[in-house]
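The block underneath contains the structure these notes are about, expressed in structure tokens.
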Amino acid sequence: MLDYLLTEEQIMIRDLARKVSLEKALPKRAEWDETGEFPWEALKAYAAADLCGLYIPEELGGMGQSVFNFCLATEQISRTCGGVGVTFAASALGSTPILLFGSPEQKKKYMPPIAAGKILAAFGLTEASAGSDAAGLETTAIKDGDYYIVNGTKQWITNGGEADTYTVIAMTDKKRGARGASAFIIEKGTPGFTFGKKENKMGIRCSATRELVFQDCKIHKGQLLGKEGLGFIVAMKTLDLTRPGIGAQAVGIAQVALDEALKYSRERIQFGKPIASLQAIQHILADMATQIEAARALVYATARMIDAGATDYTLPASEAKLFASDTAMKVTIDAIQVLGGYGYMKEYPVEKMARDAKITQIYEGTNQIQRNQIGLALIKELAATKK
Amino acid sequence: MDIIVCIKQVPDTTEVRINPETNTLIREGVPSIVNPFDENAIEAALQLKDLHGGKVTVVTMGPPQAAEALKTAIAMGADEAVLVSDRAFAGSDTWATSYTLSQAIKKLGKFDLILCGKQAIDGDTAQVGPGIAEWLGLPQVTFASKIEVEGNKCKVERLLEEVNEVVEAPLPVVITVVKQINTPRLPSLKGLMRAKKAEIKTLNAAEINGDPKNMGLNGSPTSVVKIFTPPARGGGEILGGEPAEIVDKLIAKIKDRKII
Ligand SMILES: Cc1cc2nc3c(=O)[nH]c(=O)nc-3n(C[C@H](O)[C@H](O)[C@H](O)COP(=O)(O)OP(=O)(O)OC[C@H]3O[C@@H](n4cnc5c(N)ncnc54)[C@H](O)[C@@H]3O)c2cc1C
């Protein structure tokens, strides 16, 4: 394996995330996948282990604001269960807008309990008719004196219903188009804020995916994040910062698929010998391992670049998310192939890994959208050098 | 409330194999862990501290590398750690070990409670906890599955083979715990970082005023003569079918073997 020259503290984080996952999530993951039960038990264990605030500065109760350390933990958690991994990571997605754009008072109020893992956060952008095209948002927040009145429905919001703190993008001025969106912090329990049904999904089944329903939901103007009109900037800056985390989820899911395929290939005897001795199988495993390492290297390098203080990392963040998630999809399907018919059966965990991997190509911007973004950035870069 | 927890570093027996020729444990390359019952004792101490405040001090007698076991305890939340270590302690049996630990404990100042695991998974004697109580002249309660402290008394539920027994004892007291008492917590990141930096206090034979007559190999009245694995029991046979059928088959088999 590539040596990423982790510090002692990073090794601690990685090993602790793995240990807690193996003890608290592994025994339950098949059951949670079957029933869709929300994995509070595992999340409480990560909280007790101080793993929920890795991306949050110490003065806000976190462990030091490191995207890299957050990715290390997310990878190990996802290596046990993709559903638990996304639940863990979505709280970072939901709270990053506050970290980036919150006032000192907002940060002090909302971040410490999230850092301690006492509560979860969630991020509400998507709507039924506004997916990739976020500019089509219909949820509105209309100013009324010291308040905003929010109306509309957010769809497929991870941690919906379970989280206490929601960052929500709504139109404050439809006439201004993309510049008319604003970001708000909305607390669970605010009158007029309820939840729709929990979705029944292909994968990451223990994660909660629900609608956020706002009906004349009245929130104080102090809940606005940044300024009016910054909604899409908040969303884009947030996603730039959290996409390496999706990459880390994907790497974790891909790694466990390889772990399982490798183990199985040495146990399964056909034609009088373990299938691991067949070159055809070895080549599949070799490709899996190489692709996973490349994905991990890209995710880690991006996270380290962000932690080092880079200001423009949209391109590598997109590339890391794109490559790692495509790798996870390919590698998990390959793992099923290595296990043959057993891989297709629910008694073995690899079919779940393939179901879990699929979402990483879709959320936080589909991989087509990532390619659009990367392509555009390439052309812009070239145009800039020609001048 | 100040609690002392005595712990032991042991080989992870789930990883231990036995050399079939010499019948001894193959210890090379086997990772060391905190004796599992001692983890329960640490957890019990931490829970009592959560309730009543105070301080948890872990103590181990062992070679320098036993400091790792103490660090595990700190990572779980213990406040202080003491390593009792000296070449003079090598080869100690339970008499010498409990003597040595009790001498070290005398150096640690005031305490309200001493907790131990009920036994170590490598030696399985269950003697060191009670031995410490004897050397210190303290009451002892073994096999605790529940501990409640009130004022300067404690109420302890003991898990015995047939019954549970509830006893009361004055503090300070030595209590050994069974695994049913709790589920030991996992370490936390802050705990691990604290453990990394933690200073482990070391006490040697001179510092505990140890009497050579009671320490190490020479101070140990017992010695292990032989360790062997008993022959494995053959797999039994399970009879299937309706109850009446099973009874018939069973009786036939008993008659076959001329037992009746
Ligand atoms: C399980 C789950 C959890 C989610 N969690 C959250 C959450 O917590 N918060 C949140 O806000 N959202 C969340 N989402 C929403 C998610 O981000 C969107 O599903 C995603 O952005 C895509 O939108 P869409 O599904 O409407 O697809 P569409 O936008 O309708 O896309 C359909 C297809 O068209 C392609 N396509 C669309 N536009 C283009 C284009 N311009 N160029 C090329 N191809 C294009 C897409 O790539 C895709 O293949 C979640 C979704 C799921 C399924």
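Computed from the coordinates by the stated procedures, all read-outs in this text should not be read as laboratory data. Small disclaimer: the values here were computed from a predicted structure and weren't measured. Cβ coordinates were reconstructed from backbone atoms using ideal geometry, including for glycine residues, and neighbour counts include every protein chain displayed.
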- [ ] Any chance you could check the Cα centroid distance between segment B:184-216 and segment B:61-113 for me, in angstrom?
- [x] 5 Å
- [ ] Please compute the Cα-Cα pair-distance distribution of the protein assembly as shown with 20 Å bins starting at 0, giving whole percents from short to long.
- [x] 16, 39, 32, 12, 1, 0
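What do you get when you divide the Cα radius of gyration of chain A by 2.2 N^0.38 Å, with N the number of residues? Each step should come with its number before you reach the end.
Values: Rg = 21.1 Å, N = 387, 2.2 N^0.38 = 21.2 Å.
Taking N as the residue count of chain A, the ratio is 1.00.
List the GluC sites (Glu not before Pro) within segment A:308-387 that fall in a DSSP loop (any state other than H, G, I, E or B) and whose Cβ has at most 10 other Cβ atoms within 10 Å. Each step should come with its number before you reach the end.
Working: sites: A:E319, A:E347, A:E351, A:E364, A:E381; in loops: A:E347, A:E364.
Passing both the DSSP loop test and the Cβ count: A:E347.
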- [ ] Name the most mobile residue of B:V247, B:V59, B:V167, meaning the one with the largest mean-square fluctuation, in a Gaussian network model of chain B with Cα contacts below 10 Å.
- [x] B:V247
Open item on the list: Considering just Cα atoms, how many Å³ per residue does the convex hull of segment A:239-385 enclose?
Closed with: 110 Å³
Task: Cα-projected label distance for B:E161 with B:D50, points at 7 Å along beta-carbon direction, nm - done: 3.4 nm
Open item on the list: Kirkwood hydrodynamic radius, segment A:1-79, all distinct C-alpha pairs: what's the number in Å?
Closed with: 13.3 Å
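With the radius of gyration and the Kirkwood radius both derived from the Cα set of segment B:1-77, what is their ratio Rg to Rh? Write down the numbers at each step before the final one.
Numbers: Rg = 15.1 Å, Rh = 13.7 Å.
Taking Rg over the Kirkwood Rh, I get 1.10.
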Task: Kirkwood hydrodynamic radius over Cα pairs of segment B:2-214, then Stokes diffusion coefficient at 20 °C and 1.002 mPa s, in µm²/s - done: 123 µm²/s
- [ ] Determine the relative contact order of segment A:329-387: mean sequence separation of Cα pairs under 8 Å and six or more apart, normalised by residue count, in whole percent.
- [x] 24 percent
Task: Angle in degrees between helix B:36-52 and the longest Cα principal axis of chain B, rounded to the nearest 10 - done: 50 degrees
Open item on the list: 5 Å is the cut-off here: which amide hydrogens, built 1.01 Å from N in the peptide plane, fall below it relative to B:R158, excluding neighbours closer than 5 in sequence?
Closed with: B:S145, B:E165, B:V166, B:V167
Task: For segment A:1-148, fraction of C-alpha pairs farther apart than 21 Å, in % - done: 51 percent
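Normalised by the number of residues in chain A, what is the relative contact order in percent for Cα pairs under 8 Å and 6+ residues apart? Could the numbers behind the result be given before it?
On the way: 772 pairs, mean separation 62.2, N = 387.
After rounding, I find 16 percent.
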Open item on the list: Could you tell me the center-to-center distance, by alpha carbons, between segment A:239-258 and segment A:330-387 in angstrom?
Closed with: 10 Å
Task: Angle between chain A longest axis and helix A:82-101 axis [Cα atoms, degrees, rounded to 10] - done: 30 degrees
- [ ] At 7 Å along the Cα-to-beta-carbon direction for both B:T183 and B:S32, put a label point, then send me their distance in nm to one decimal.
- [x] 2.9 nm
- [ ] Calculate the spin-label point distance for B:N218 paired with A:A297, positioning each point 7 Å from the Cα along the beta-carbon direction, and give it in nanometres.
- [x] 6.2 nm
Task: Cβ-based charge dipole, segment B:2-214, positive-most Cα from B:I200, B:G129, B:T183 - done: B:I200
TODO: Have a look at A:G83, A:G62, A:G341 and tell me which one the Gaussian network model of chain A (Cα, springs below 10 Å) gives the largest fluctuation.
DONE: A:G341
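May I ask you to derive the relative contact order of segment A:122-232, considering only C-alpha pairs under 8 Å and at least 6 residues apart, and to give it as an integer percent? Walk me through the numbers on the way to the answer.
Details: 269 pairs, mean separation 35.2, N = 111.
The value is 32 percent.
If you take the Cα Rg of segment B:44-168 and divide it by 2.2 N^0.38 Å, with N the number of residues, what do you get? Please list the in-between numbers first.
Working: Rg = 14.9 Å, N = 125, 2.2 N^0.38 = 13.8 Å.
After normalising by residue count via 2.2 N^0.38 Å, the value is 1.08.
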